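Here's the structure, in structure tokens; my notes come after.
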Amino acid sequence: MPRIRPFTFWLARKKISPQAARLLFVCRDLLSAANELRWIREHVNTTPSKIPPNLRLHQLCSKRARGTPLQYLLGTQPFGDLEILCRPGVLIPRPETECYTIELAALIKRNLPKHKPLNVLDICTGTGCIALQLYASLTPHFPTHIQAIDISPVAISLAQRNLSHNIQLGNLISPPPQLTPILTPNTKSTVSFTLLSLFSPALLTTLSSHPPDVIVSNPPYISNKAFSTTTSRSVRNHEPRLALVPEHDDISLELNCQPEDVFYARILHLAKELKGCTRVILFEVADMEQAGRVVRLVERDEVLRGWYDVVEIWRDWPDEEHEDHIVKGEESNVAVAVKGIGEGRVVYLWNSRGGEMEGKR
Amino acid sequence: MSTPILPALRGVLAGASLTRNAGYQLHPALGHRLSAAAFTTTSPLPVKQMPSRPKPPPESEIEEAFLKGSGPGGQKINKTNSAVQLKHIPTGIVVKCQATRSRENNRKTARELLAAKLDELVNGDQSRNAIVGNVKKKRADSAAKKSRRKYRKLEEERKEASEAAEGPEAAEKHTEST
Ligand SMILES: C[S@@+](CC[C@H](N)C(=O)[O-])C[C@H]1O[C@@H](n2cnc3c(N)ncnc32)[C@H](O)[C@@H]1O
């Protein structure tokens with residue numbers, strides 16, 4: 001990490017305030033420090049507290065300067081049309097995730113038959129941000145049934161709170177009360193959060209009555225090595241390791257993949273068990289290397305390769321269609337479109353001939 | 001065709017939040033709109049009737065950039081930067097917005113900002129910003145006049161002082177409004 005120049009500290013202190021100079025330790029540049037200070041001030045001025053405002057501002061800036069994520073201090077993160085509550089113990093939604101979620105919703109609207117019920121499965125939902133934004137974008141167009149799972153009880157209860165929080169804010173239409181979540185058929189939209197592991201045998205039974213048309217997942221994907229080298233200190237010290245690093249070495253051996261790719265391999269296995277009913281699969285990945293490995297997991301399997309005829313890699317900002325170039329797999333000779341700018345961020349699989357699949361079922 | 005446009009353009013480009021692209025070229029369609037506007041919209045709008053907000057240009061004319069540092073993203077880092085920068089390709093006008101923590105919000109605001117800048121560019125004095133600004137200025141002026149009646153003496157003293165401090169151009173503005 002480049003050193004911050006003393007002149008920058010001087011500027012922050014002189015032109016903004018001493019608080020801004022302290023924020024520089026985590027913000028790294030003047031503009032971000034000024035922005036964060038403004039947002040902290042706004043928070044202090046608009047939320048009630050027994051602590052006097054000046055002291056509160058000072059306390060929040062100190063915590064921030066020592067690395068606590070801004071979103072845990074302010075309690076929220078905007079995500080698309082929503083305000084997502086953030087609490088320690090649950091990963092904070094990232095802007096890259098926000099960006100591809102909006103892109104995914106647009107693609108689903110364009111490519112899947114309107115007015116037919118749409119089943120979406122969000123695996124590793126965390127705050128519920130992806131599930132809830134898809135719900136917000138898709139309910140006007142499809143009777144949408146969103147099911148989201150996570151292994152963490154803290155995450156599931158926060159996701160549920162995020163549903164009611166955004167209904168309260170008027171960002172989401174209230175789904176009808178559900179006694180049997182995914183079993184409420186077809187007419188009205190539903191969303192449900194379930195405490196369940198991807199690796200639990202119960203998952204397939206839960207899904208087979210209403211197989212998902214869309215699977216989306218931002219699973220833990222950081223390797224042990226990358227966690228201690230390229231992961232920022234604030235993330236390492238303040239966000240849950242369970243959300244970041246997969247620890248299922250035995251299963252990755254069984255599925256014949258690298259330890260950090262185990263969630264992708266497992267989800268692809270699930271897609272096979274669902275007999276190709278799933279038209280769209282979207283994975284968030286760490287970088288271009290991992291994206292390439294995930295593409296190879298698909299290409300090495302004859303069945304998956306046959307179903308998912310469109311395989312794409314998206315960079316951080318896929319809605320900027322500057323670049324569109326082709327990467328070749330190492331083992332197989334598949335052409336893959338790479339879209340957008342930034343780091344490799346998403347692997348997108350699309351079964352464009354869905355109808356045939358249903359015939360094969 | 002571009003001759004009557006250039007002075008207006010220069011004025012707009014002098015605005016603080018605008019930068020001009022070096023390889024600037026006018027989009028043919030926009031050029032047409034510009035020259036039409038320069039010759040036809042001469043009759044002033046009725047007083048106090050505010051023009052509606054200008055519409056942002058089509059997405060195909062916009063280049064959008066999210067300003068974030070290089071290096072890893074995704075789960076490995078938690079950046080709070082939500083700045084959005086838009087460039088209007090036909091004119092090279094650039095606007096930036098980082099007002100809120102919401103990128104989606106900033107994207108909308110930036111488009112509104114760009115629409116206002118283009119409106120100024122095309123319609124000049126008749127742009128929404130100019131008209132709204134004028135009405136606000138008139139209100140402020142008449143309020144100032146009232147208070148000046150009360151405090152004429154004080155005002156005159158202040159005027160003298162500011163003339164001395166700000167030089168001839170500032171003095172001229174003061175005389176205009178009295
Ligand atoms: C990177 S976070 C993603 C959170 C959210 N989807 C987002 O994009 O912000 C990964 C999530 O996976 C959950 N998780 C970890 N192991 C899991 C498992 N075996 N089954 C289901 N969820 C798991 C963690 O609790 C964490 O909430």
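Structural remarks
- Between A:Thr125, A:Thr139, the distinction of being in the same structural domain as A:Ala286 (by TED's automatic domain parsing) and either within 12 Å of the chain's Cα centre (by Cα) or near the ligand (Cβ under 8 Å from one of its atoms) (or both) belongs to A:Thr125 only.
- Residue list for segment A:215-230, restricted to those being more than 10 Å from chain B (Cβ to nearest Cβ) and crowded, with 21+ Cβ neighbours inside 10 Å: A:Ile215, A:Val216, A:Ser217
- Selection from segment A:14-30 of residues that are in a loop (DSSP other than H, G, I, E, B) and within 14 Å of another protein chain (Cβ to nearest Cβ): A:Arg28, A:Asp29
- Segment A:60-73, residues that are within 8 Å of another protein chain (Cβ to nearest Cβ) and out of contact with any strand residue (DSSP E or B) (no Cβ under 6 Å at 6 or more places or on another chain): A:Pro69, A:Leu70
- Answer from A:Arg305, A:Arg233, A:Arg315 - the residue that is surrounded by fewer than 15 Cβ atoms within 10 Å (Cβ to Cβ) and within 11 Å of chain B (Cβ to nearest Cβ): A:Arg233
- Note on segment A:200-222: residues that are in a loop (DSSP other than H, G, I, E, B), within 14 Å of the ligand (Cβ to nearest atom) and out of contact with any Cys (no Cβ under 9 Å at 6 or more places or on another chain) amount to 4.
- Residue match in segment A:247-258 (condition: in the same structural domain as A:Cys124 (by TED's automatic domain parsing), within 16 Å of the ligand (Cβ to nearest atom), of a type outside the set (D, E, K, R) and within 19 Å of A:Leu104 (Cα to Cα)): no
- Matching residues, segment A:152-166, being surrounded by 14 or more Cβ atoms within 10 Å (Cβ to Cβ) and without any contact (Cβ under 8 Å) to a residue 24 or more places away in the chain: A:Ser157
- Cβ-Cβ under 6 Å pairs, at least 6 apart or on other chains, segment A:191-208 side outside the structural domain of A:Gly128 (by TED's automatic domain parsing), far side more than 9 Å from the ligand (Cβ to nearest atom): none
- For A:Val294, the stated conditions do not hold, so it cannot be described as at pLDDT 90 or above and within 25 Å of A:Pro113 (Cβ to Cβ).
- Any chance A:Arg266 is among the basic types (Lys, Arg) and farther than 30 Å from A:Thr68 by Cβ: yes
- A:Arg266 fulfils the conditions (1) surrounded by 15 or more Cβ atoms within 10 Å (Cβ to Cβ); (2) among the charged types (D, E, K, R); (3) more than 15 Å from the ligand (Cβ to nearest atom) except for a single criterion, (3).
- Residue match in segment A:153-166 (condition: under 30 Å from A:Arg28 (Cβ atoms), modelled with pLDDT of 95 or more and more than 13 Å from the ligand (Cβ to nearest atom)): no
- Complete set of residues in segment B:94-140 that are more than 24 Å from A:Leu70 (Cα to Cα) and not in a helix (DSSP H, G or I): B:Val94, B:Val95, B:Ser127
- Residue count for segment A:87-121, restricted to those that are farther than 21 Å from A:Ile313 by Cβ and within 10 Å of the ligand (Cβ to nearest atom): 5
- Breaking point among (1) within 16 Å of the ligand (Cβ to nearest atom); (2) farther than 17 Å from A:Arg345 by Cβ; (3) modelled with pLDDT under 95; (4) of a type outside the set (Ser, Thr, Tyr), for A:Glu302: (1)
- Restricting segment A:142-151 to residues that are surrounded by 24 or more Cβ atoms within 10 Å (Cβ to Cβ) and near the ligand (Cβ under 9 Å from one of its atoms), the residue that is nearest to the other protein chains (Cβ to nearest Cβ): A:Asp150
The values are calculated or read from the model by the stated rules, or taken from the named source; none is laboratory data. Quick caveat: nothing in here was measured; it's all calculated off a predicted structure. Please note: Cβ atoms are built from the backbone with ideal geometry, for glycine as well, and neighbour counts cover all protein chains shown.
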